[in-house]
Structures are given as structure tokens and as C-alpha cells.
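Down below is the structure, laid out as C-alpha cells.
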Amino acid sequence: MSKEQEHATSEPAPVIADGMTLGVVGAGVMGRTLIRGLMNSGLIDRQRIWAGDKNGATCESVGQELEIPVEVDFQHRVPTADLILVCVKPADAPVVLATIRNAGLRRETLLISILAGVATDRLESLLGSENPVVRAMPNTPCVVGEGMTVVCRGRYAAKSDLERATQIFEAVGKCIPVDEIHFNAVTALSGSGPAYQFLIMESFADAGVRVGLPRQLALTLVAQTALGAARMVLATGRHPAALRDDVTTPAGCTIAGLLMLEDGRIRSVLARAVEEAAKIAAHLGVAPTKISETAAGQRAGR
Ligand SMILES: NC(=O)c1ccc[n+]([C@@H]2O[C@H](COP(=O)([O-])OP(=O)(O)OC[C@H]3O[C@@H](n4cnc5c(N)ncnc54)[C@H](OP(=O)(O)O)[C@@H]3O)[C@@H](O)[C@H]2O)c1
């Protein structure tokens, strides 16, 4: 039985206990988004959250906005944390994980990383300890409680650690455990996905303007239509093609529009975009020298 099947068949345990302290290292877009979402959900008290960032101005603005301690010198807080959420860029992982380890990290503290492309075995070796590690791939709609996150666990993490991480991300949307082998694909599909959806919505809003609608009205129509269609897919469990057939009247305007989209090869364009993003995701956690070696190898036909 895989670790994920084992997780799926067990009863969920109440894993975020009262009085747990959460540290967030990297208070950028995702760090702030997750802290805000967690505070709004009520899962963890504001008084039990601290953050660290290397940029003093970020510390000041995020500290004021979220009313939590955000410090450049966050090391003294590391021993207080039961969970540490690492939200820096993948390239900063070596420095940040060494800083956390050397700051008196307790052996039982759960480290949750959202770094794209950095595998659990690399996180464990950079950390250089046997702390439980969970790797997650969230996306920005966490800020409105509609995030999509997947999680997997490292070698020293127990099922309960994966459940604790799942609870964190369920506070800001949906969260599903998946095998780590799928992470590059997930990064390309749902991690980068909001950006694709924004581009598509922007294009449809332009289309609305083209056929005579005021821009703001067009954007509202497009965004609510996207939300409604997504809800229908999730709520009915029906195949999108079946839902599409329901609204495609013979000789009507919808089939005319659909055929134009097919003429523009919309399916293969979207699939190729995700395929390309997955290739990049596979290199995000790799040292720059290795990327250039790989790129050189690809140019040489390897
Ligand atoms: N954005 C997304 O949609 C998304 C989705 C899924 C996963 N992710 C992952 O989330 C991670 C963070 O992305 P992001 O967009 O939030 O990046 P970001 O806005 O650049 O935030 C990262 C923050 O970490 C700080 N930092 C860098 N080195 C540090 C250090 N040594 N100690 C403490 N803080 C440090 C950065 O400060 P400086 O600005 O001064 O460098 C910055 O404020 C990335 O690994 C990314 O792969 C992002």
C-alpha cells in the first residue's frame, strides 16, 4: 500500500493542537497569503504565528499588516516552533535551511516546504537532520480560501505529519496527498494554473469589449462565468464535455464559438503550455551549473 493510500484509508486525526506555534520563513507573496488565510480560518491563533524575512522593509510592512512579529533575525524564535513553513524561492533553500537547522531547530518540529522543484530528499539533506519534512505545492487562490494544494511526505515524516500539513492547507482551500513523482506536473498545472486562468479571463474580457460591452461589465461576466463553470464541474462530477454538450444547441451560437476555438488549436496550445512549464519545474530546484549542463545536453541532442 502506498503512503497516500494508507493516508486515504485511515481516520483523520485532530492534528493541529491548541497552543501550537507556527513559524513562516519568507514573508513574500505566498508566505503572506498563507499566514492571512490561516488567521482568517481560525486554525491557528495570531499570537502563535511568527515570520522571518531577509528584507527589513518586508518585515515592517508585513508585521504591520498582519500584526504578528516579522523579523530579519528570526533565529531566536526557531526553537519555539512546532511547525515551520518555508516560503522562500527555491534558490534560497540552502541558506535558509542551514539557518533554521543552526538556530536550535527541535528534532520533532515539522518542516513544510512550498518550494517548487525541491524534492523531499534534497530538503532533508539540506536540513541535515532527521526532522519530519512535508513538501507542498499550493497556489495563490489560497488568499481567498480557494487554494489547491498537494502534499507528500519525506522519509522521516509520519502519517500524522502529512495530516497536520493537510490541515494547514485545507484552511485555505483544498488539499490532496499525491505521490512525489507527480509534483512537477502539479506545479505546472495548478501551481502555475491561476496565471493561465487570468490570461484566459483577460482575453475573454477583451472579447467582450470587442463585441461592445463596457470593460468592467465584461470582466465581471467572464470571472463569474469561470467560477460558475468550475463549481459545476466539481459539484456534479460530470465530464466537462457532457456539461458542454448540454449548452450546445444545434446550429446555435455556442457551437459556432466552440468551432472557432478548436480551429485555433486551443487544446494542444494549453497542453503544450503545461508540458513546457513541467519541464521548467523539473529544473527549479537544481543548482544553476546542472541546469546549464542539461540545457547544453538538450542542444547537443541528448
Ligand atoms: N507564487 C506562486 O504562485 C507560488 C505557487 C506555489 C509555490 N510557490 C513557491 O513559493 C515560494 C515563494 O514564492 P513567492 O512568490 O512567495 O516568492 P517571494 O514573493 O519572492 O517571497 C520570498 C520571500 O523570501 C525572502 N527571503 C529570501 N531569502 C531569505 C532568507 N535567507 N531568509 C528569510 N527570507 C528570505 C525574500 O526576500 P527578498 O525579496 O529580499 O529576496 C522574499 O520576501 C517559491 O519557492 C515558489 O516556488 C509559489
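The values are calculated or read from the model by the stated rules, or taken from the named source; none is laboratory data. From a predicted model like this one, the values you see are computed outputs, not experimental measurements. Don't worry about glycine lacking a Cβ; one is built from the backbone with ideal geometry, like all the others, and counts go over all protein chains shown. Protein only, heavy atoms only, side chains kept; ligands, DNA and RNA dropped before computing areas. Shrake-Rupley method; radii C 1.70, N 1.55, O 1.52, S 1.80 Å.
Out of all the residues in segment 43-68, which are away from the ligand (no atom under 14 Å from the Cβ), out of contact with any Asp or Glu (no Cβ under 7 Å at 6 or more places or on another chain) and at negative phi? Scanning segment 43-68 gives Leu43, Ile44, Asp45, Gln47, Arg48, Ile49, Gln64, Ile68. Note on segment 69-85: among residues that are part of a strand (DSSP E or B) and closer than 21 Å to Arg164 by Cβ, the one that is farthest from the ligand (Cβ to nearest atom) is Leu83. One residue stands out in segment 91-123 among those that are within 11 Å of the ligand (Cβ to nearest atom) and closer than 21 Å to Thr166 by Cα: the one that is nearest to the chain's Cα centre (by Cα), namely Ile114.
Quick check: anything in segment 29-51 open to solvent by less than 70 Å² (accessible area, probe 1.4 Å), assigned by TED's automatic domain parsing to the domain that holds Leu127, modelled with pLDDT of 95 or more and over 27 Å from Ser129 (Cβ atoms)? So far as segment 29-51 goes, no, none of its residues is open to solvent by less than 70 Å² (accessible area, probe 1.4 Å), assigned by TED's automatic domain parsing to the domain that holds Leu127, modelled with pLDDT of 95 or more and over 27 Å from Ser129 (Cβ atoms). Candidates are the residues of segment 256-289 that are surrounded by 11 or more Cβ atoms within 10 Å (Cβ to Cβ) and more than 27 Å from Phe198 (Cβ to Cβ); the one that is modelled with the lowest pLDDT is Ala287.
Quick grid of which residues meet (1) at pLDDT below 95; (2) away from the ligand (no atom under 15 Å from the Cβ); (3) out of contact with any helix residue (DSSP H, G or I) (no Cβ under 7 Å at 6 or more places or on another chain); (4) not assigned by TED's automatic domain parsing to the domain that holds Gly147:
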{"position": "Ala171", "(1), (2), (3), (4)": "yes, yes, no, no"}
{"position": "Lys174", "(1), (2), (3), (4)": "no, no, yes, no"}
{"position": "Val186", "(1), (2), (3), (4)": "no, no, yes, yes"}
{"position": "Ile200", "(1), (2), (3), (4)": "no, yes, yes, yes"}
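Listed here are the residues, each with its yes/no results for (1) over 28 Å from the mean Cα position of the chain (by Cα); (2) in a helix (DSSP H, G or I).
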| position | (1), (2) |
| --- | --- |
| Val233 | no, yes |
| Ala241 | no, yes |
| Asp245 | yes, yes |
| Ala251 | yes, no |
| Ala256 | yes, yes |
| Met260 | yes, yes |
| Ser268 | no, yes |
| Ala271 | no, yes |
| Glu275 | no, yes |
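Of all the criteria given as (1) within 6 Å of the ligand (Cβ to nearest atom); (2) of a type outside the set (S, T, N, Q); (3) in contact with a Pro (Cβ under 9 Å, 6 or more places away or on another chain), the one not satisfied by Gly26 is (3).
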